[in-house]
Each structure stands twice: as C-alpha cells, then as structure tokens.
Amino acid sequence: MNTTIPIHKSSFAILSAILLAVVVTAPLAALGGGERPAEDGFNIGVFVPGVVEGSPTYEMLVAGVQRAAADRPGTLVRVIEGGFNQAEWPQSITSLAATGDYDLIVTSNPSMPEIADEVSQSFPNQRFLVLDGYLEGNPGLYTVLFNQREQAFLSGYFAGLVSRSSMEHARRGVRAGLLAGQEYPIMNRVIRPAFELGVQSVDPAALIDFRVLGNWYDAAGATELANSMIDNGADVILTISGGGNQGVISAARTKGAYVLWYDSSGYDEAPGIVIGSTIVRLDDAAHQRTLDAIDGQLQFGSAEVLGVADGFVDFDTQHRHYERHVPGEIRRELEAMIQRLREGDLLLEMPTQF
Ligand code: RBF
C-alpha cells in the first residue's frame, strides 16, 4: 500500500509525481491482497525531507507510520521523498497540502515545524505531525522533540571512556570527533555542546574536533574529513551525516579508529568499528502518534519532548557486538550514567527555543 516517489527539481515534477502516486497506489493497494481502502479511509502522506535510505531518523519515520497504517485497515500511506534541495521543501509540502488528499502529513527533522507552520497559514485545515522538531500553539500541528541533550551527552561520555581506555585503537589523550551533515540550531546549541560536556566529564582536558560535511550524502567527502580528524588525534568519531556516515566507517576501517552511531542501532553497519550507538525510538513515537491521529485523539496545537526517562532516548547496550567489543569496565560506567538519567539523578533538560 506504499509507494516511494522522489520529488525533485521543478514544481511540474512535483505535481506529476503526486499524480503518478494517485494512479499507481490504487492498483498496488489491490495487489496487496487486502481490501482497497474505503473512499473515506484515512490518507497519510509521509514527506521525507531528503531520502529514506541511509538516514536513520527517516527510516524510522517511514517504518513507524507504516506500522500504524497496518494497525488500522483502510489507512493509505504514500511516501514522498523531497530530495536534498532544501529550498524546494516548502513548495513540495505546499503541493501536498494543496491536493487536499491527505488527512495527515507526517514529516521529520528540526527544520520542518517552521515549514509546516508556514504552509498551514494557507491551508489551515491541513493537519501535520512533525517528529524531531518543536513548535507549540499552531492548531494544525503536533510536534515531537527528543531530548538530544541527553542523547549527545551519553554519546560524548562513552566517547571519552573509549578514548581514555587501552582499547586497540585508543591513542594518547582524550580526543573525539563529531561530524555533522550541516550546521543547524539543535546541532550547534544542543548536540555539539552536550557531546563535548560528555567527553569532558571523563577528562576535563579532552578536545573535540567538530567538522561539517555540508550535505547529507557525500560519503567520499566524509571519508576525507574523518581521515583528517583521525590524523589530528581523534580515536573515536560520532557521525551524524546521513549517507556520509558510511564514509566515516571507511576512514575508521582504514586508519584504525572507532565510530559512534546516532539515532538507530548501528553495530551491524561495521562490527568492531561501530562500537557505540545511541537510539531514539522515533519509529515508536511515529507509530503511536499516527495511531492517535487516525483515532481522532491527537491534541493538535501541542508539542511534547521525550527523553531517557520516558524510554524514547537510550544507548543500545544490548547488542552482541557491543558486548563483544567494549570492555566490561566501560560498559559498567556507561550503564551507571544511563541509570542516573533514568532516575532523574542527572538532569539535562532539552531546550525548546532556539
Ligand atoms: N539527518 C539525516 O540522517 N539525513 C538527512 O538527510 C538529514 N537532513 C537534515 C536536514 C535538515 C535541514 C536538518 C535540520 C537536519 C537534517 N538531518 C538529517 C538531521 C536529523 O533530522 C536529526 O536531527 C539528526 O539525525 C540528529 O538526530
């Protein structure tokens, strides 16, 4: 019942892609073996600001909404990929809203609440569910933000423990790298400082090497930047750069360094190289809130923040590769820190204004 349509370039392409979606989805739905969605079934458009593959949060977004649709027969989901040209996203969302076909448009990333807010001025009846962002008070929007301050802190604390250790690729001094796809308020004001705080809570003299890829897809460029970070002494790198993440793995594999994954469990990407992974249960949040919307229970106009104590932000400490490649002492120290966040012994509040 789902189709993925890339939307790029011109609004003509956007409109044709939408028309194509309308045409191809009905036969696909019939082919699915289930009944065709009722005329008045709930229609959801998932707008992916980028491409799904290689971006942890977008993969979870699509999975969560599809799970909700499977729980409510008659619900139709169309996935529309907005591509990497961010200047086109407002127009793409406008085109989706203009069709009037969607009971709900679901999307995700910190820049989307503002775009949905803007579009809703022209289409006040359109409802939006925005994950990984925050905006309160627009009756057309419901947003879910994750406590990335806790998340980045845990990642930094773990990076510090690894860099200080006598693990195979750990070198002198505590030095960690952070590669971002681009700079944006949550990156600059929350993720980067919280990562640094985490590393420096292991060693106050620790240094962070922060680099920006400039996009969310260039794996070769990411390899170059990661090589340079490793040459400058970083033995562990947190990568938040979408398709660029694979380039960081290549550099770490060649030069001997460790990689930390962000948002979804990444150990299987490169066992023994990806040795730590924070997780955000964006799929569960998308699933639950989409169900609420289908059931008419979602309180549009409000915004929520979910963190470690809510069970939506965590560090994947259960994976066999984690247990195998990370020394027990580091695992115990990290576990104690996670526990402090769970119990409220350590408070790292997520700001909502930037
Ligand atoms: N993360 C990705 O993994 N892939 C992307 O294509 C992507 N595009 C983004 C575009 C913008 C304008 C912003 C602000 C963030 C983007 N992110 C992307 C980051 C993602 O939404 C999330 O914030 C980070 O993964 C950290 O959780």
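Under 1.5 on a/c is rounded, so check that first for the stretch 49-127, then, if it is not, pick prolate when a/b is larger than b/c and oblate when it is not; a ≥ b ≥ c are the square roots of the alpha carbon gyration tensor eigenvalues.
It comes out oblate by the Cα gyration axes.
Under the 0.36 nm per residue contour assumption, what length would be gained going from the current alpha-carbon distance of Q297 and K255 to full extension?
Here the answer is 9.9 nm.
Hey, how much of the P(r) for the stretch 137-238 falls beyond 18 Å, as a percent of Cα pairs?
51
Apply the Karplus parameterisation 6.51 cos²θ - 1.76 cosθ + 1.60, with θ equal to phi minus 60°, to every residue of the stretch 98-107 and state each ³J(HN,Hα) to the nearest whole Hz, in sequence, with x for glycine and proline.
Listing the rounded values in order: 5, 5, x, 7, 9, 5, 8, 10, 10, 8 Hz.
Out of the total accessible area of the stretch 244-335 (probe 1.4 Å, heavy atoms of protein only), what percent is carbon and sulfur?
39
What is the helix-to-structure angle for 328-343, meaning the angle in degrees between its Cα long axis and the longest Cα principal axis of the chain, kept from 0 to 90 and rounded to the nearest 10?
Helix 328-343 sits at roughly 50 degrees to that axis.
What FRET efficiency comes out for the pair E333/S228, r = Cβ-Cβ distance, R0 = 22 Å, nearest 0.05?
Plugging the Cβ-Cβ distance into 1/(1 + (r/R0)^6) gives 0.15.
Between A98 and N85, what is the spin-label point distance in nm, taking each point 7 Å from the Cα along the Cα→C-beta axis?
A separation of 1.6 nm, rounded to one decimal place.
Using the Cα gyration tensor of the stretch 185-249, with a ≥ b ≥ c the square roots of its eigenvalues, what is the shape: rounded (a/c below 1.5), prolate (a/b larger than b/c) or oblate (neither)?
oblate
So how do 202-215, 304-317 stack up, highest first, on mean other-Cβ count within 10 Å?
Highest mean packing first, the order is 304-317, 202-215.
So if I take the centroid of the Cα atoms in the stretch 244-302 and the same for the stretch 172-210, what is the distance between those two points in Å?
18
In the stretch 163-252, which GluC sites (Glu not before Pro) fall in coil by DSSP and have 12 or fewer other Cβ atoms within 10 Å?
Counting only loop positions with at most 12 other Cβ atoms within 10 Å, the GluC sites (Glu not before Pro) in the stretch 163-252 are E168, E183.
How far, in degrees from 0 to 90, does helix 56-71 lean away from the longest principal axis of the Cα atoms of the chain, to the nearest 10?
Helix 56-71 and the main axis of the chain meet at about 40 degrees.
Over the stretch 133-242, average the accessible area per residue using a 1.4 Å probe and give it in Å², no decimals.
36
GNM, the chain, Cα, under 10 Å: largest mean-square fluctuation among S92, S122, S163?
Greatest mean-square fluctuation among the candidates belongs to S122.
Per residue, how large is the accessible surface of the stretch 260-354? Use a 1.4 angstrom probe and give square angstrom.
Spelled out: the 1.4 Å probe surface of the stretch 260-354, per residue, equals 46 Å².
On C-alpha positions alone, give me the angle between the axis of helix 219-231 and the longest principal axis of the chain, in degrees, nearest 10.
20
At 0.36 nm per residue, minus the direct Cα-Cα distance, what do D71 and T317 gain on full extension? Give it in nm, one decimal, please.
Gain in length upon complete extension: 85.6 nm.
Could you tell me how far the Cα centroid of the stretch 87-148 sits from the Cα centroid of the stretch 310-354, in Å?
31
With viscosity set to 0.692 mPa s and temperature to 37 °C, compute the Stokes-Einstein D of the chain, Rh being the Kirkwood radius across alpha carbon pairs; µm²/s, no decimals.
Answer from the Stokes-Einstein relation: 157 µm²/s.
Can you sort E269, E349 by solvent-accessible area, 1.4 Å probe, largest first?
E349, E269
The values are calculated or read from the model by the stated rules, or taken from the named source; none is laboratory data. Because the structure is predicted, anything quoted here is derived from the model rather than measured. Here the Cβ is made from the backbone with ideal geometry for all residues, glycine too, and neighbour counts use every protein chain on show. Side chains included, ligands, DNA and RNA excluded: accessible areas come from the protein's heavy atoms. Shrake-Rupley method; radii C 1.70, N 1.55, O 1.52, S 1.80 Å.
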